[in-house]
Structure formats: structure tokens, C-alpha cells
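Bear in mind that the values in this text are calculations on the coordinates, not laboratory data. This one's a predicted model, so the numbers in the text were calculated from it and none came from an experiment. Note that we place each Cβ from the backbone using ideal geometry, even for glycine, and neighbour counts take in every protein chain shown.
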Amino acid sequence: MGYIDTLIQNCNAAKLAVPCREFILKDLAELDRISQAVYIIEQLEGDITAAYQDFSQYKKKKERKCVKLNSPSNTMYVGSSTTGVKKQLQQHVGDGYHGTDALHLKHWFKGNYQITIKVYDEPKDVIQIIQDDISDSLKPAFGEQGSNK
């Protein structure tokens, strides 16, 4: 099977995929046994334009490597992992290595946010398509579409 055929097959699988579990994250320990999922970080209150500007200013300081700026949105970020969701979310929360592309929320964000976890039992290429579809739909303020690392 060629590349395009595989891509079409993966897109069809992504269209049919439903999460086997979906929940609002309360504690990072909930992710201990979850290796692959899509996650959505949403700003719950406050001015989304001010939050966008705050991140932009923080990014300019270059204290930590930060994700790409898009445009203000209640959806801050859409991501996925196929190797361990907890480690990636530690980065976004701000408890990770300074040189990793992430939101580093605790270093600049003063509001409340929510993280929704969508666990899928699908191959990594299908999960990436699901992530890109959710991102395209929600238009997150930060981050970019593209392959998992």
C-alpha cells in the first residue's frame, strides 16, 4: 500500500474513532498509566486577548522555549502524545525542562484553566489526525499542528 492509500485509510479510521475514555484532569497522577491521548487546555475565565498578550510577553523574555502564537482563543492548546501524556502536560503546566516547547503556564498565566483528556486506542498516525482535526475545529491560541514528537 502506498503513502496516499495509507493516509486515506488513517483518515477514515480517524473519522470513526471515539475516545475510549474522556475526563477533566484533576491531578497529573491520573495520567500515570495513560500513554496515548489527545488533550485540550482551555482558559476558563478572563480576557483571552490579555492572556494572549501575557504569553507573547513571556515568550519574548526567552526564559523558556515556548510554543507558537496563533490568535486569542478560549482554547489555549491542543496536543497529543503516544509515548506518555503526563510528561508532556508537566511541561505545559510549567514543571518541566525549560528548553522544551510548551506553554509553561505557571510562569505567566494567572487565571484558571481546564485540561480535557481524550484517550484513544488507535495507532499514533491516527491519533495525530484526530489531534489535527480537533485543533482545526477549536483554533487554539497557541501551538501548531503537526506530527507528534
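Computed from Cα atoms, the angle from the helix 3-16 axis to the main principal axis of the chain rounds to 70 degrees. Size descriptor for the chain, Kirkwood hydrodynamic radius: 15.8 Å (Cα pairs only, one decimal).
Go ahead and run the numbers for FRET between Lys139 and Met1, Cβ-Cβ distance against an R0 of 41 Å, rounding to 0.05.
Efficiency computed from Cβ-Cβ geometry: 0.80.
Dividing the summed -39500 (n - 2.57) terms of all DSSP H runs of n ≥ 4 by the residue count of the chain sets its mean residue ellipticity at 222 nm at -11000 deg cm²/dmol.
Of all lysines in the structure, those lying under 17 Å Cα to Cα from Lys106, and not within fewer than 8 positions of it along the same chain, are Lys26, Lys59, Lys60, Lys61, Lys62, Lys65, Lys86, Lys87. Dipole orientation for the chain: of the candidates Asn10, Asn70, Cys20, Asn70 has the Cα lying most toward the positive pole (charges on Cβ; Lys, Arg +1; Asp, Glu -1). Under the criterion of Cα pairs below 8 Å and six or more residues apart, the relative contact order for the chain equals 38 percent. Here the simple spin-label model places points 7 Å from the Cα toward Cβ, and for Leu28 and Gln57 these points are separated by 2.6 nm. Result for the chain in a Gaussian network model with C-alpha springs under 10 Å: among Asp125, Asp133, Asp47, the largest mean-square fluctuation is at Asp47.
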